[in-house]
Amino acid sequence: MSELRIGIILGSTRPGRNGAQVADWVLEQATKRDGVVYELVDIADFNLPHLDEAIPASQGLYANEHTRAWAETIASYDGFVMVTPEYNHSTSGALKNAIDFIYGEWNNKAVGFVSYGAAASGARAVEHLRLIVGELQMADVRQQVGISLHTDFENYTTMKPVPHHEAPLATMLDQLESWSGALRTVRVASESLAA
């Protein structure tokens with residue numbers, strides 16, 4: 001089989017977002033690993049409006065070109081790292097909206113989380129995302145990484161080197177790669193039965 005492909009989803013579209021620095025750090029650490037391709041997926045690049053598909057995503061009948069482009073991108077990956085801010089004890093509306101646009105493309109794939117925020121380093125956003133991805137038939141790995149705007153950023157704007165987060169990130173990526181590989185065999189078996 002080909003190398004696993006993992007998408008690092010930058011889950012904020014906010015101007016001046018800190019998430020770009022966090023996602024770049026994740027990508028920098030992940031690309032040091034062998035045997036897996038990691039790529040940045042910035043939801044801002046897809047210009048997704050507020051959900052505008054008339055048919056539920058579970059049907060897979062996407063009417064809009066922006067939805068089809070998003071679906072094709074997500075379908076190309078075996079697993080994901082979702083980089084999420086915490087807004088009001090949850091994830092960003094932009095990330096939730098992007099998740100809701102599609103359905104089958106998420107199924108039987110693994111996901112890990114890197115959060116950032118002022119309070120609890122974004123942990124509450126991850127709690128909500130775990131409930132969401134369960135409904136999408138995704139397997140979320142246990143290890144997560146929380147980046148603090150208080151201690152991991154200078155003046156809340158510039159991410160400082162965060163070597164103390166490298167070990168938890170490596171553990172999360174180990175779990176993610178393992179589960180992504182296992183779930184790829186599940187998807188292949190399901191496709192064979194459907195054929």
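Things worth noting here:
- Note, ³J(HN,Hα) from phi for the stretch 120-130, Karplus 6.51, -1.76, 1.60, rounded to Hz, x at Gly and Pro: 6, 6, x, 4, 6, 5, 5, 4, 5, 5, 4
- Candidate lysines - alpha carbon under 24 Å from Lys160, same-chain residues fewer than 8 apart omitted: Lys32
- Here the dipole of the stretch 4-194 is about 280 debye; that uses its Cα centre as origin and unit charges on the Cβ of Lys and Arg (positive) and Asp and Glu (negative).
- For the stretch 4-194, the residue among Tyr87, His150, Gly7 whose Cα projects farthest onto the positive side of the dipole built from Cβ charges is His150.
FYI, it's all coordinate maths here, none of it is from the lab. Since the model is a prediction, treat every value here as computed from it, not as a measurement. Neighbour counts are summed over all protein chains in view; Cβ atoms, including those assigned to glycine, are modelled from backbone coordinates with ideal geometry.
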